[in-house]
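What follows is a short report on a single structure.
The values are calculated or read from the model by the stated rules, or taken from the named source; none is laboratory data. These numbers were taken from a predicted model, which means no experiment stands behind them. Don't worry about glycine lacking a Cβ; one is built from the backbone with ideal geometry, like all the others, and counts go over all protein chains shown. Side chains included, ligands, DNA and RNA excluded: accessible areas come from the protein's heavy atoms. Shrake-Rupley method; radii C 1.70, N 1.55, O 1.52, S 1.80 Å.
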Amino acid sequence: LTGIAEDGAGEGAGFTGAWSEESLDLAQGFTEAVANGWMDSWLPICERQRKLPFTDEQREWQLIRRGRYLGFNLLYDRGVRFGLVPGGRTEAVMVSAPPLIRWKYNHVPKPGSEEERLVGVLRKPQEWAHL
């Protein structure tokens, strides 16, 4: 899975698994604050975007990105890897995967495309929150 960790396949996730035992209250407060603010910001975006037309090529790109996300989870996510060991909860891992994906070996977006621009942004992450 060449470049899967470099192309932002896991970007946008919030991980709290590294919190210490002493900071559980802080972790819970952080998680609740994110959850409480999420819907107010996410729903208007979804309402604006869900009615926009899209091409077959854009749908293909979405499915490829979902495939990259699944690959990232299977290889790098500690909780997922734990679920895939013998005796782990493999079904729980697989049910959390996107329902439809596409995998293309060594896929490279067309030069000058919006997809190429997105991959360029994802490969050079910025610290937006400064936490």
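Observations, loosely collected:
- Whole-Å distance, taken between Cα centres, linking region 53-113 and region 26-51: 23 Å
- Heavy-atom surface of region 19-131, accessible at 1.4 Å and reported per residue (Å²): 84 Å²
- Shape of region 66-105, Cα gyration tensor, a/c cut at 1.5: prolate
- Modelled label positions at Asp25 and Arg117, each set 7 Å beyond Cα in the direction of Cβ, lie 4.7 nm from each other.
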